[in-house]
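> Questions regarding the structure given below will be posed in turn.
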């Protein structure tokens, strides 16, 4: 079992590494434009999502808020 566990861990890490490489290759000018928009925002950054994207939105909003960019997340069912 220890060898299969080690092999499984290596496979997961290699799969994740490939995904990160693909993500880096997919970045284009729209990424820079989004960063500039967020950086120049004079109000609060609002993230909207439900389910898994809502959880990710909450984490991003918390990171923005803790690093000086006012932000909050809203569930679309609660937006009004």
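> Provide the gained length on full extension for the span residue 11 to residue 56, in nm with one decimal, where the gain is 0.36 nm per separating residue minus the Cα-Cα distance.
So the extension gain works out to 13.7 nm.
> Sticking with this one: Among (1) 16, 27, 32, 17, 8, 1; (2) 18, 58, 23, 1; (3) 15, 31, 24, 13, 10, 6, 1, 0, only one was calculated for this model; which label is it, if the read-out is P(r) over Cα pairs in 10 Å bins from 0, in percent?
Only one listed value fits the structure, namely (1).
> Could you work out Rg/(2.2 N^0.38 Å) for segment 1-40, with Rg from alpha carbons only? Don't skip to the end; give the middle numbers.
Working: Rg = 17.0 Å, N = 40, 2.2 N^0.38 = 8.9 Å.
Ratio of Cα Rg to 2.2 N^0.38 Å: 1.90.
> Let me ask you something else. Hey, how many Å between the Cα centroid of segment 59-80 and the Cα centroid of segment 29-57?
9
> Using alpha carbons only, how many degrees (0 to 90, rounded to 10) separate the axis of helix 29-39 from the longest principal axis of the chain?
The helix 29-39 is inclined about 50 degrees to the chain.
FYI, it's all coordinate maths here, none of it is from the lab. Being a predicted model, the structure only gives us computed values, none of them experimental.
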